[in-house]
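Remarks on the structure that follows.
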Amino acid sequence: MSGTLKDIIARTREKVPALGLTMNGQKLVYLDNAATTQKPKQVLDFIQKALTENNANVHRSMYELSDRATTAYEAARKKVCEFINAPSVENIIFTSGTTASINLVADTFCRSLSIGDVILIEADSHHSNIVPWQLAAQRVGAIIKVIPTDIFCGRGKSGRLVVEEVEKLLTDRVKILALTHISNITGLHNPVKEIISVARAKKIPVLVDGAQGVVHSKVDVQAMDCDFYAFSAHKIYGATGVGVLYGKKELLEQLPPYMGGGDMVETVSYEKTTYASLPLKFEAGTPNFIGAASLTPALEFAEYLFSGDVGETLKAEEQKITQYMLDILLRDNDVELYGTPETQNMGKSPIFTFNIKGINAGDIAQLLDKMGIAVRSGMMCAEPLLNSFGATSALRASFAPYNTMEEAEYFVSCLNRARKMLS
Ligand code: PLP
């Protein structure tokens, strides 16, 4: 490891206290970042200070403490707005997570659909981008159709989304298209911008599930031209129980409110209610105002990881780790990797989901845990996609920029030890 790289990685890891933990007597190697990321000290300190010094309900009171809480909450909205290059803070709605953001759109948008209308989703969707659409479709008699991956239509087995099918699937009956920016199973980057331009020509609105996308790529919602973009704070170094829904203003204005309650109203009588303007129309009740406010330091940390010398160094290291993991996993005949880039240009984030022939993924995960390694096993909330690969469970190692090549190598050697113990 070169001096600069070593220093940058050491400095970065020092910022994240959990990376210094010991698990089962071993140094923790945290490789479950696609599920949630570890928090930098600046987020932890911010939350502690906010709970101690800025804790009062937002948007409601005339006293200084409440003012401070409101200021911090609205500052985070501005930070999110800049981070994804939204036109205005009116476009940014705080929710409780990606799941809540997608449910909000699925529920409110689909109320106006009719029997036989089509909601188009992707085969590589997380359950959060499948089930809300099914619930909404059932209510109005709409139909769900699916853009296949190459596994589904027998055109290969990389897990690539078959973009060539999109044009054909975007018929007049399609009323909304729900895309995945980056799959939480394959780590493959879907060409959302290109797909959106096809949908745009047909005036079909598009929601993008950015739960992984916002963590692993620079998101510019205006350049992407999506109508909705959803993500979770906890996956991008922020608090749990906080999410973001970006929406185009004209669409958000047309949608009915999702939940009713305090803060989302303008006037209320027993007979009739008028609603607050955007974004509060969609923020009923007391929000997780401290968690949401902590998006400011969380996104600052993300910016630190992605920009300047630090960003370049960590990106180069991440690419090396990705290549190393791909080389190891692809040349092993007993490993089935789900999600392989077909070309050098096809983006793949360091998310590796795989099975080893004849060995149960959960058993491996348990043994790795004894060696200090945290990885996910199971369905990863993407049962239809995993089933299409012929799997009922899998192992997933997902890296963040604070992970190191040494950790990747340690993972590989422990994986081999675990295999020997289990075979
Ligand atoms: N979409 C994708 C691609 C994800 O990876 C996840 C979480 O793993 C979600 C949606 C759901 O996110 P949350 O549970 O934070 O709402």
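Quick one: if the Förster radius is 25 Å, what FRET efficiency do Ala316 and Gln26 give, using the C-beta to C-beta distance and rounding to 0.05?
Efficiency, rounded to the nearest 0.05: 0.35.
As a check on your grasp of the helix formula, calculate [θ] at 222 nm for the chain: sum -39500 (n - 2.57) over DSSP H runs of n ≥ 4, divide by the residue count, round to the nearest 500.
-12000 deg cm²/dmol
How large is ³J(HN,Hα), in whole Hz, for each residue of the range 76-82 in order, when computed from phi with the Karplus curve 6.51 cos²θ - 1.76 cosθ + 1.60 and θ = phi - 60°, using x for Gly and Pro?
So the Karplus estimates, Gly and Pro as x, are 5, 4, 5, 4, 4, 4, 5 Hz.
Looking at the chain, what % of its DSSP beta bridges pair antiparallel, to the nearest 5?
Percentage antiparallel, nearest 5: 60.
Can you give me the long-range amide H partners of Lys145? Hydrogens built in the peptide plane at 1.01 Å from N, cutoff under 5 Å, separation of 5 or more residues or another chain.
HN-HN under 5 Å from Lys145: Ile119, Leu120, Ile121.
What residues have an amide H closer than 5 Å to that of Leu21, excluding those fewer than 5 places away on the same chain, when H is modeled at 1.01 Å from N in the peptide plane?
Leu28
Let's test the formula: R0 of 45 Å, r as the Cβ-Cβ distance of Lys357 and Val198. What FRET efficiency results, to the nearest 0.05?
Approximately 0.70, to the nearest 0.05.
Please label the shape of the chain as rounded, prolate or oblate, based on the square roots a ≥ b ≥ c of the eigenvalues of the alpha-carbon gyration tensor (a/c under 1.5 means rounded; beyond that, a/b larger than b/c means prolate, else oblate).
oblate
Return the sequence-ordered ³J(HN,Hα) values of the range 103-118 in whole Hz as given by the Karplus equation 6.51 cos²θ - 1.76 cosθ + 1.60 applied to θ = phi - 60°, using x for Gly and Pro.
My calculation for the range 103-118 gives 4, 4, 5, 4, 5, 6, 5, 7, 4, 8, 7, 10, 4, x, 5, 10 Hz in order.
For the range 35-45, in order, what is each residue's ³J(HN,Hα) by Karplus, 6.51 cos²θ - 1.76 cosθ + 1.60 with θ = phi - 60°, in whole Hz (x at glycine and Pro)?
Each residue of the range 35-45 in turn: 7, 6, 9, 7, 9, x, 4, 4, 6, 4, 5 Hz.
Enumerate the amide H contacts of Thr95 below 5 Å, restricted to partners 5 or more residues apart or on another chain; note that Pro and chain-start residues carry no placed amide H.
Gly243, Val244, Leu245
How high is the relative contact order of the chain, in percent, with contacts defined as C-alpha pairs under 8 Å that are six or more residues apart?
Averaging sequence separation for qualifying contacts and normalising by length gives 22 percent for the chain.
Compute the length gained on full extension between Glu303 and His127: take 0.36 nm times their separation in residues and subtract their Cα-Cα distance, giving the result in nm to one decimal.
Here the answer is 60.5 nm.
Measure up Lys27/Lys357; Lys249/Lys272; Lys78/Lys193; Lys15/Lys235; Lys320/Lys370; Lys78/Lys249 against 21 Å on the Cα-Cα distance and list the ones that go over.
Lys27/Lys357; Lys249/Lys272; Lys78/Lys193; Lys320/Lys370
State, to one decimal in nm, how far the label point of Arg13 lies from the label point of Thr71, with both points 7 Å from Cα in the Cβ direction.
Taking the simple label geometry, Arg13 and Thr71 are separated by 3.9 nm.
Quote the FRET efficiency, to the nearest 0.05, computed for Lys157 versus Thr4 with a Förster distance R0 of 45 Å and r equal to the Cβ-Cβ distance.
Step by step, r from the Cβ atoms, then E = 0.70.
Please work out how much length the chain gains when fully extended from Ala35 to Ile143, using 0.36 nm per residue of separation minus the C-alpha to C-alpha distance, in nm with one decimal.
35.9 nm
For labels at Gln222 and Asn55 in the simple 7 Å Cα→Cβ model, what's the distance in nm?
3.9
Sticking with the crude label model, points 7 Å out along Cα→Cβ, report the distance from Glu266 to Ser112 in nm, one decimal please.
Label-label distance for Glu266 and Ser112, simple model: 1.8 nm.
Rule-based calculations on the coordinates, nothing more; no lab input. All values reported here derive from a predicted model rather than from experimental measurement. Reconstructed Cβ throughout: ideal geometry from the backbone, glycine too, with neighbour counts over all protein chains shown.
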